[in-house]
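Below is one structure, written out as structure tokens; the observations come after it.
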Amino acid sequence: MIEVLSLSRCIQCDKCVKVCPTNVFDAMPGESPKIARREDCQTCFLCEAYCPADALFVDAHAEARVQWNEEELVAKDLFGAYRKNLGWGKGQSPIDNLKKIHALRELVGSPF
Amino acid sequence: MSRLDESGLELVADVLVVGGGPAAAWAAIAAAERGASVVVADKGYLGTSGAYAASTSGHKVLPPVALLRDPLKFERYALGGFLAQHKWWDRLLEITYERAPRIWEWGGYEIPKYGRDGAYRGLQGSETMRILRKVLLQKGIQILDQSPALELLVDEEGAVGGARGLNRQTNVPWTVRAGATILANGGVAWLSKALGCNTNTGDGALMAAEVGGELSGMEFSAHYSPAPKYSSVTKSAYYRYASYYDKDGNKIEGLNRNGHRSTSAIAKELLKGPVFVKLDKDTELPEQRELLRAMQPNFFAAFDKVGIDPFQQQWEINLLLEGTVRGTGGIRIADEECGTTVKGLYAAGDAASRELNCGGFTGGAGPNMTWAIGSGNIAGRAAADFARNLGGGQAKRVLQAAGRVGLTAQIPSESVWDAASIVKGVKEEVFPFDKNIFRSEKTLLDSLAKLEELWKTIQGTPLSDTAQHLIRSREAAGLVATARWSYFAGLARTETRGMHKRLDFPQIDPNQRHYLAVGGLDRLWTRPVPVEEEVVPVPEEKRKLQLA
């Protein structure tokens, strides 16, 4: 479930409001968006993937609430980690990830 | 007078596509390439909506070589109870082969080489959908995001002429009058939070049924996938590397069969007590682990975020219901062009029954993506042609809104029903393994009786003081309707076939090799529909491959 929207990182682009498939966020004029309907979050991590400022953190617990603070997320390098793993991070290209997959597959065989 | 009658956005198009996943995107592109003006309306955001965007699976594309395609066609043919049709498979694989590589081109990538096994893998779901959205916009297709369609519009002769709904962020109603309408708004997973599935609430099935459409394959809706117990991440492929343990750390054998997890065996164990998993089979090499990580980043997100190493540590699992999203039921396709039994109405992707290439069993991304790309392209082209043939006649049509239950009171009532209690009631009937996986006449009748009560309740006045409440009420109606069709069809299929398992009829019955059309709103009905293809014998090469 979405746990953190970092006000210090947020650039108020409202991308998360636009892309959330279950409409969890509300846009707030002149402010950062608000997590308005947390219980509707389906824990798909796509807001994290789309956030250009790595300001969101979705915990992997789908029903339970887990408390996080920003320092801890920074220390564990969890802000933007999913975006990076998709190859969507700054200076990355998803094609690099695919090249890596192809190379590894040639090396250890195709799992499927 | 409902909220939908208020003035709002009014659009006219040749083709309206309802939905926001790969089938919807492909249908829109195919219709536009045929010269049609196209509007897409989606509940969420075309790019993140539905199961595929949330998945990180890159599906395979196979060149036209029987040796490569046959294993895919025959792999699940018997599992699906011989209800798939090879002529559909061939057509869908051909379309995928022709169309899927365009995604690379559109995304600005070099077209990949086919790998050592003869196949190439597509881009991951989230990236594919990002590219498809860009293409839709480049082609001048108007996308209404966050705008669920709530009801279809029909003309005097009962033909579908568009739809209307609400923008859930601005609360402004929208109406699209269209020559042809394609429902590609997903299946139903009953709000289980299975990965990416909560936008899939059976909306398309209910809208189709209200205008006389039929469903098919609804008895094949008991698809569950394992996920770490705390999470939403239903990714089944990697469980082939799993060892299973009970709470005392003793290994449980027999939960993987033929290299795949067995849902019913896992469900039986879970009914006894907690089950734990570790990915410790054939995953010793660091390069293997790196490959698995690179291929399915979201599988590992579930562990990285909570600090579990899935190769070294055990974690508890649960099975989450994926319904018809990975099951196969949906709107019945009635012709070769993905048309339905209703004029002007087409269906594609998970909103349609996937029995034509998957029969009564599916699961993985390969067959499902082939269906999404294939049916999307077929429906898009056919809808564009249908709209063109209507010509000027379209503008003269007098259209009426066809939505009923969940939108307005069907019987006078003073009290207002609340979606939350209805949703809870449906979940209690469809989630439990001993009701949905292990079915019998008794369990089905018990559940149908409870669902009947819910259906009666929602004939009253829905909570609709806000746009959000109206949308939820309508979703709740879709959830009840699809659950009733699933169990009613399950009652009629007195055998075990595909993923439909009857404890009181444990064998496959050769006399029931047919589809089951199902429909009706207050009074349900079902009837067998013959499979227009004899059982296809497994080709010689495949037998040899199996022996080797």
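The values are calculated or read from the model by the stated rules, or taken from the named source; none is laboratory data. Model, not experiment: these values are computed from the prediction. Neighbour counts run over all protein chains shown; Cβ positions are idealised from the backbone, glycine included.
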Within segment B:256-302, the residues that are farther than 17 Å from B:Ser55 by Cβ and at the interface with another protein chain (Cβ under 8 Å from one of its Cβ atoms) are B:Leu285, B:Glu287, B:Gln288, B:Glu290, B:Leu291
Worksheet item: Looking at this structure, is A:Ala62 small (Gly, Ala, Ser), in contact with a Phe, Trp or Tyr (Cβ under 8 Å, 6 or more places away or on another chain) and touching a residue at least 12 places away in the same chain (Cβ under 8 Å)?
Response: yes
Just one listed residue, out of B:Lys87, B:Lys134, is of a type outside the set (A, V, I, L, M, F, W, C) and under 22 Å from the mean Cα position of the chain (by Cα), and it is B:Lys87
Is at least one residue of segment B:175-194 within 22 Å of the chain's Cα centre (by Cα), more than 30 Å from B:Arg527 (Cα to Cα), assigned by TED's automatic domain parsing to the domain that holds B:Glu151 and in a loop (DSSP other than H, G, I, E, B)? yes
Of all helices (runs of 4 or more DSSP H) fully inside segment B:6-96, the set with 2 or more residues that are among the small types (Gly, Ala, Ser) is B:22-33, B:50-54
Conditions (1) within 14 Å of chain A (Cβ to nearest Cβ); (2) surrounded by fewer than 18 Cβ atoms within 10 Å (Cβ to Cβ); (3) touching a strand residue (DSSP E or B) at 6+ places or on another chain (Cβ under 9 Å); (4) among the charged types (D, E, K, R) -> B:Asp246 fails only (1)
Given the conditions (1) among the aliphatic types (A, V, I, L, M); (2) more than 10 Å from chain A (Cβ to nearest Cβ); (3) crowded, with 24+ Cβ neighbours inside 10 Å, every one holds for B:Val211 apart from (3)
Counting only residues in segment B:164-208 that are hydroxyl-bearing (Ser, Thr, Tyr) and within 14 Å of chain A (Cβ to nearest Cβ), the one surrounded by the fewest Cβ atoms within 10 Å (Cβ to Cβ) is identified as B:Thr170
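Yes/no per residue for (1) closer than 23 Å to B:Pro432 by Cβ; (2) in contact with a strand residue (DSSP E or B) (Cβ under 7 Å, 6 or more places away or on another chain):
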| position | (1), (2) |
| --- | --- |
| B:Arg177 | no, yes |
| B:Thr181 | no, yes |
| B:Ala194 | yes, yes |
| B:Thr201 | yes, yes |
| B:Leu206 | no, no |
| B:Val211 | no, yes |
Among (1) within 23 Å of B:Arg513 (Cβ to Cβ); (2) free of Cβ contacts under 8 Å to residues at least 40 places away in the same chain; (3) loosely packed, with under 15 Cβ neighbours inside 10 Å, B:Glu98 falls short only on (1)
Discussion item. Would you confirm whether or not segment B:314-325 contains a residue that is at positive phi, assigned to a loop (DSSP other than H, G, I, E, B) and more than 14 Å from chain A (Cβ to nearest Cβ)?
Written reply: no
Checklist entry - For segment A:27-37, does any single residue satisfy the condition of being part of a loop (DSSP other than H, G, I, E, B), within 23 Å of B:Pro297 (Cβ to Cβ), without any contact (Cβ under 8 Å) to a residue 40 or more places away in the chain and within 13 Å of another protein chain (Cβ to nearest Cβ)? => result no
**Study point:** A:Thr22 vs. criteria closer than 20 Å to A:Asn85 by Cα, of a type in the set (S, T, N, Q) and facing chain B (nearest Cβ under 10 Å)
**Key:** no
Checklist entry - Going by the structure shown, is B:Val430 touching a Gly at 6+ places or on another chain (Cβ under 8 Å) and closer than 28 Å to B:Leu524 by Cα? => result yes
Counting only residues that are of a type in the set (A, V, I, L, M, F, W, C) and not in a helix (DSSP H, G or I), segment B:469-512 contains a total of 4
By residue number, the members of segment A:59-112 that are in a helix (DSSP H, G or I), within 16 Å of the chain's Cα centre (by Cα) and within 8 Å of another protein chain (Cβ to nearest Cβ) are A:Ala81, A:Tyr82, A:Asn85, A:Pro94
query: Is it fair to say A:Ser8 is more than 10 Å from every other protein chain (Cβ to nearest Cβ), touching a Leu at 6+ places or on another chain (Cβ under 6 Å) and part of a loop (DSSP other than H, G, I, E, B)?
result: no
Exactly one of B:Glu269, B:Glu287 is assigned to a helix (DSSP H, G or I), acidic (Asp, Glu) and within 29 Å of B:Ala222 (Cα to Cα), and that residue is B:Glu269
Of (1) among the hydroxyl-bearing types (Ser, Thr, Tyr); (2) more than 30 Å from B:Val398 (Cβ to Cβ); (3) outside any helix (DSSP H, G or I), B:Thr128 satisfies every one except (3)
